[in-house]
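The values are calculated or read from the model by the stated rules, or taken from the named source; none is laboratory data. In this text, all values refer to a predicted model and were calculated from it rather than measured experimentally. Virtual Cβ from ideal backbone geometry, glycine too; neighbours counted across all protein chains shown.
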Amino acid sequence: MNGVPLVFYERVFSNIYTHTLKEASELSGTFGKRARCAYLGDVSYVVNVKNGIEIFGFLRYESSQRTSRTPKEIDAVPKKVVRAVEIYMQGEKNENVCRKIVKRFPCARYVFVLCSHSIDEAWIDFACRLKTLTRIVIVKKLEDDAILLFQKLVDCGNLLVLQIYEDAGEGGMMEVLKSLLCQDQFEELEITNDGEMPCQRYVVRELLQFWSQNSEKLRGKHLFVRDKCGGCVNQLEEFVIHRKLSALVPRLLNTPGIISVPEFLSLLGVQWALKRCSKEECDAVDKYYRIIANPSCVYKFEEGQRCDLRRLYISFECMSGRDIEELGPASHAGHDQLSLMGGTGLLHVVFD
């Protein structure tokens, strides 16, 4: 690729995520060299806006996490090298200030973090027209009117990633999540629980049930759970145990006097319902996996008949007090310790 013009690399690297750019920077040859240059110069702008006013902003260099915070430092950086902008929004009437930020950084991809219970229609209309919108983060549970407005944004069909805090994902928002997962362009749903205690809601269980009825529409989509994953892991384990038991012995679980799914889980363990993927299977789904710390191997859950076979591919970050951090994607060579899944800080499910 030595004869490829520089503009080719610029266009390629401007349209890929930072984690992908980092992986590309480790390649050999001209492509790897150009990727390393792009990664070292990868810059994001992070800003808070509240009720139409830009409160505070800074530049962050992704390779080193170094920041530039003074107006002079920020203005000295060419705007075209800013590849991503994160806008933390509070209050309402933020459409005009967001529009000005987009005009200031025209080459960037945009992430909006919604930190209020409400949003206004003018901002939704603006976001619907923003072609460089990639991710929305919903921190607080939206009011009913705000959920209806957010559905309008979802219906535009340009959202790639949604991150939502677990206690904001119930009620009317659950139907929004389901419709989003069925859209062709949508890539991943991320559920976060940063509370002190595991959340007692059942967002993951309902999404898994939805997958079992709509697996074709969800094929290739990602579900991530981050931070306090214990409650969501329990929902996953109970779901796969229940589905496998139901397939083996129909109506058994509805028979009076039969022990419950949690009791089956404690007796059999989730390893009864999940199988470790072979190297060939892992190689076939390798495109789904990203670099994480101390990755597990890939497990699968299967149900249905040959002509209607549905699969979940499950992996997680192993957190067991390891002194040495191993970076890599989940694979056949990953840690085969399902007992560590309950304490993970990152759970990854691929729908297939």
Quiz item: Just one of the numbered conditions (1) closer than 22 Å to LEU181 by Cβ; (2) in contact (Cβ under 8 Å) with a residue 60 or more places away in the chain; (3) of a type outside the set (Phe, Trp, Tyr); (4) surrounded by fewer than 18 Cβ atoms within 10 Å (Cβ to Cβ) is not true of LEU309; which one?
Solution: (2)
Quiz prompt | Those residues of segment 171-196 which are hydroxyl-bearing (Ser, Thr, Tyr) and out of contact with any strand residue (DSSP E or B) (no Cβ under 9 Å at 6 or more places or on another chain), in sequence order | solution = SER179
Quiz item: For GLN185, are the conditions met, namely being surrounded by fewer than 17 Cβ atoms within 10 Å (Cβ to Cβ), in a loop (DSSP other than H, G, I, E, B) and at pLDDT 90 or above?
Solution: yes
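Per-residue answers, yes or no, for (1) at pLDDT 80 or above; (2) in contact with a helix residue (DSSP H, G or I) (Cβ under 8 Å, 6 or more places away or on another chain); (3) part of a loop (DSSP other than H, G, I, E, B):
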| position | (1), (2), (3) |
| --- | --- |
| LEU265 | no, yes, no |
| GLN271 | yes, yes, no |
| LYS287 | no, no, no |
| PHE301 | yes, yes, no |
| TYR313 | yes, yes, no |
| ILE324 | no, no, yes |
| VAL350 | yes, yes, no |
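Quick grid of which residues meet (1) closer than 13 Å to ILE191 by Cβ; (2) surrounded by 15 or more Cβ atoms within 10 Å (Cβ to Cβ); (3) of a type in the set (A, V, I, L, M, F, W, C); (4) modelled with pLDDT under 90:
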residue: PHE210; (1), (2), (3), (4): no, yes, yes, no
residue: GLN213; (1), (2), (3), (4): no, no, no, no
residue: GLU216; (1), (2), (3), (4): no, no, no, no
residue: GLY220; (1), (2), (3), (4): no, no, no, no
residue: GLN235; (1), (2), (3), (4): yes, yes, no, no
residue: ARG243; (1), (2), (3), (4): no, yes, no, yes
residue: ALA247; (1), (2), (3), (4): no, no, yes, yes
residue: PRO250; (1), (2), (3), (4): no, no, no, yes
